[in-house]
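Okay, so here's the structure we're looking at.
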Number of protein chains: 2
Amino acid sequence: MSKRSGRSTILPENSISVTAFAAVGGKKEGEGPYGRCYDYIDSDDYFGQSSFELAESAMQGLALQNLIEKRKIEPEDLSLILGGDLLNQCIGTSFGISNFNLPFLGIYGACSTVSEGLLLASLLADSGAADIAAVITSSHFCTAERQYRFPLEYGGQRTPTSQWTATASGALTVERGENPPFIRALTVGTVADKGITDANNMGAAMAPAAYSTISRFFKDTGLSPKDFDAVVTGDLGNVGSRLLCELAERDGLSLKDLHLDCGRMLYDQKNQDVHAGGSGCGCAASMLCGYFLPEIKSGRLKNILFAATGALLSTTSSQQGMSIPGISHLAWISAEKGEI
Amino acid sequence: MSKRSGRSTILPENSISVTAFAAVGGKKEGEGPYGRCYDYIDSDDYFGQSSFELAESAMQGLALQNLIEKRKIEPEDLSLILGGDLLNQCIGTSFGISNFNLPFLGIYGACSTVSEGLLLASLLADSGAADIAAVITSSHFCTAERQYRFPLEYGGQRTPTSQWTATASGALTVERGENPPFIRALTVGTVADKGITDANNMGAAMAPAAYSTISRFFKDTGLSPKDFDAVVTGDLGNVGSRLLCELAERDGLSLKDLHLDCGRMLYDQKNQDVHAGGSGCGCAASMLCGYFLPEIKSGRLKNILFAATGALLSTTSSQQGMSIPGISHLAWISAEKGEI
């Protein structure tokens, strides 16, 4: 049996390994400081397709294909796949994975989707419900921009707090296993809503959710920031990252020296015009699968908390003046196994 | 450990009970043949709110409140909740449950969401990851109509194969337990896409997915239709139900006398103008929570297969001429426990 620890944290019973990971990205992501971490970079973000939506699905297909090859299995060896994306009704994923003929569970956590997938995949692998559980997610700048904001052709002015949706996909497999990276604990996020209504400031909307989950993890486990090499968030960007550290500071928790944010890392903020940083399901997913998991596998990082962050808004909720609920799910990913 | 049986079916290790269930509906649903099965019926479908979207969220809140009262617990006794709906980015659920301050995992399976939730909740309860896992889903005629089709004021003509999105929400709790209804097996669905492109004929789009999952369950377990009192689908409606039985018949599997479809049951097809039947996440969810689970609890039904069905389309995919992928997840719900 997995063990519950505190309100929201779950400790797997078995040794749970992330056994393979793959990342695929667009041109701009390839030109960023982590461009070398991708398994494939597309030259024009169309991935050989005729629409941006088909391109996003093709990108997911490529990530999944790379994952399957790197794990040295056939698609039918995957027990199931968990996946989702930002498009209405998650069509990026439905069309992206449908050719693989896999048992599929759709999940939606906005940009926290990769964390939610990692959490559920780890628990299903732990319980024996899955032998090899896969996770996939993606975002595409061009599909997100026209769905959430403006037609690309309009060339709308972006505000300083706005973030750049990554064109990227990340995929991984989780199994009971004896090799790092290990999944040592998982914290399920709670919806946090502090009343932010500016859809161009999602970092501020998500920071309270990230803080709620990260502080909950420490409370649930009795561990503290000094036990970790890094506390990684998904896409808080410059604004949200500052807010997260401030929220933590107020409670006497110092994250400043440990905190990394995939949204701040993905692009070169000096030379790539992304304003407050990167965002999108693919931002955290590709940084996890392209950079953090390999770093832990190699032992260069020993213990990280990975908490992707999602803003649960829609254009309808924004147009109706609703606030932006945030959520963040967390995984403790480690180069070592063992009890807390 | 839970046991995998065949490609897609999972047998819980422990005795898994659905310990409480609640259903809330709109006016039309209250006037239907199962109107008496709802815990609450709203008189004007606004649920005291100023927009249809807020109404859908309020309806979810009511279903969850009823569930918590029927289970005689406080919200904080729920280990986590799984939920989703049809609205873009699942805002019905994000706003519906946010006041309850619960660990939340967003899921998306279109109208199959209640099955997906039941599946994951059962597996998480089985493994000890959750002590009490809740599931919630909803749909609202007025939010769905204006999101997927036309503004309500337009009064668009509906085609004969079109279905009526139910204004309804269903919620349930799953735990390790010794009282019926028991969850004996779960089959994860695979995306099935036979090329149907008519968004007004979702029954036809979903029937292959339902058949794929139901036939997979029989193959995975060695059981056959004669072991069940009913094979229940979510919202195939008149067209999809006929297709499901035809697909089964071709393989020598007779479902005709066993098959029930929530979409065909929810409304009085003679006197309530719904064309091919009901649909929406709330259709299968409210029939499950309002009718089928009580029937099994009382022993009037002994064994059913419950396979809600989802059409994974969006307005974007339809406008781009894409086909409609379908999915269906299945639970064997029983008045008795025991091995297969």
Test: residue in region A:103-113 that is over 19 Å from the mean Cα position of the chain (by Cα), under 24 Å from A:ARG71 (Cβ atoms), outside any loop (DSSP other than H, G, I, E, B) and within 14 Å of chain B (Cβ to nearest Cβ): yes
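Taking B:ILE73, is it β-branched (Val, Ile, Thr) and buried (at least 17 other Cβ atoms within 10 Å of the Cβ)?
Values: β-branched (Val, Ile, Thr): yes; buried (at least 17 other Cβ atoms within 10 Å of the Cβ): no.
It is false that B:ILE73 is β-branched (Val, Ile, Thr) and buried (at least 17 other Cβ atoms within 10 Å of the Cβ).
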From the options B:SER138, B:SER127, residue that is buried (at least 24 other Cβ atoms within 10 Å of the Cβ), in contact with a strand residue (DSSP E or B) (Cβ under 7 Å, 6 or more places away or on another chain), within 24 Å of B:LEU293 (Cα to Cα) and not β-branched (Val, Ile, Thr): B:SER138
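Within region B:142-154, work out how many residues are farther than 28 Å from A:PHE104 by Cβ and either within 14 Å of the chain's Cα centre (by Cα) or in a helix (DSSP H, G or I) (or both). Talk me through it step by step, then tell me what you get.
Let us first name the residues in region B:142-154 that are farther than 28 Å from A:PHE104 by Cβ, namely B:142, B:146, B:150-154.
When the remaining residues are screened for being either within 14 Å of the chain's Cα centre (by Cα) or in a helix (DSSP H, G or I) (or both), the result is B:142, B:146, B:152-154.
Selection size over region B:142-154: 5.
Any idea how many residues of region A:121-137 are in a helix (DSSP H, G or I), within 7 Å of chain B (Cβ to nearest Cβ) and among the aliphatic types (A, V, I, L, M)?
Looking only at that region, the number is 2.
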Selected residue (only one of B:ASP39, B:ASP44 is touching a strand residue (DSSP E or B) at 6+ places or on another chain (Cβ under 7 Å) and charged (D, E, K, R)): B:ASP39
A:SER254 vs. criteria over 28 Å from A:VAL18 (Cα atoms), hydroxyl-bearing (Ser, Thr, Tyr) and more than 19 Å from the chain's Cα centre (by Cα): yes
Identity of the residue in region A:21-58, within 16 Å of the chain's Cα centre (by Cα) and under 23 Å from A:VAL174 (Cα atoms), that ends up farthest from the other protein chains (Cβ to nearest Cβ): A:CYS37
Helices (runs of 4 or more DSSP H) wholly inside region A:236-340 that include at least 1 residues being surrounded by fewer than 24 Cβ atoms within 10 Å (Cβ to Cβ) and in contact (Cβ under 8 Å) with a residue 40 or more places away in the chain: A:237-250, A:262-265, A:293-297, A:315-319
Yes/no for A:PHE104 being free of Cβ contacts under 8 Å to residues at least 40 places away in the same chain and either assigned by TED's automatic domain parsing to the domain that holds A:HIS329 or surrounded by fewer than 24 Cβ atoms within 10 Å (Cβ to Cβ) (or both): no
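Filter region A:308-332 down to the residues that are over 15 Å from A:ALA207 (Cα atoms) and of a type in the set (Ser, Thr, Tyr) and list them by number.
Within region A:308-332, the subset over 15 Å from A:ALA207 (Cα atoms) is A:314-322, A:331-332.
The answer is A:SER314, A:THR315, A:THR316, A:SER317, A:SER318.
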All positions within region A:155-176 that are crowded, with 19+ Cβ neighbours inside 10 Å, outside any strand (DSSP E or B) and of a type outside the set (A, V, I, L, M, F, W, C): A:SER162, A:GLN163, A:THR167
Per-region count, region B:75-86, residues in a helix (DSSP H, G or I) and at the interface with another protein chain (Cβ under 9 Å from one of its Cβ atoms): 1
Set A:SER254, A:SER286, A:SER298, A:SER328: member being of a type in the set (S, T, N, Q) and either assigned by TED's automatic domain parsing to the domain that holds A:PHE150 or within 19 Å of A:THR190 (Cα to Cα) (or both): A:SER328
Checking A:LYS72 against (1) more than 7 Å from chain B (Cβ to nearest Cβ); (2) under 22 Å from A:VAL18 (Cα atoms); (3) under 19 Å from the mean Cα position of the chain (by Cα), the condition it does not meet: (3)
Which numbered condition B:GLY35 fails, given (1) touching a helix residue (DSSP H, G or I) at 6+ places or on another chain (Cβ under 9 Å); (2) touching a residue at least 40 places away in the same chain (Cβ under 8 Å): (2)
Among the residues listed as A:LEU236, A:LEU223, A:LEU243, the single one being within 16 Å of A:ALA308 (Cα to Cα), out of contact with any Asp or Glu (no Cβ under 6 Å at 6 or more places or on another chain) and modelled with pLDDT of 95 or more: A:LEU243
Residues located in region A:183-206, provided they are away from chain B (no Cβ under 14 Å) and within 17 Å of the chain's Cα centre (by Cα): A:GLY203
So B:GLY222, is it crowded, with 18+ Cβ neighbours inside 10 Å and either in contact (Cβ under 8 Å) with a residue 24 or more places away in the chain or within 18 Å of the chain's Cα centre (by Cα) (or both): no
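Take the conditions within 13 Å of another protein chain (Cβ to nearest Cβ), surrounded by 24 or more Cβ atoms within 10 Å (Cβ to Cβ) and under 30 Å from B:GLU153 (Cα atoms) and apply them to B:SER94. Does it pass?
yes
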Residue check, A:THR233 more than 21 Å from the chain's Cα centre (by Cα) and surrounded by 18 or more Cβ atoms within 10 Å (Cβ to Cβ): no
Meets criteria (crowded, with 21+ Cβ neighbours inside 10 Å, in contact with a helix residue (DSSP H, G or I) (Cβ under 8 Å, 6 or more places away or on another chain), without any contact (Cβ under 8 Å) to a residue 60 or more places away in the chain and assigned to a helix (DSSP H, G or I)) for B:GLN89: yes
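The values are calculated or read from the model by the stated rules, or taken from the named source; none is laboratory data. From a predicted model like this one, the values you see are computed outputs, not experimental measurements. Here Cβ is always computed from backbone atoms with ideal geometry, including for glycine, and neighbour counts include all displayed protein chains.
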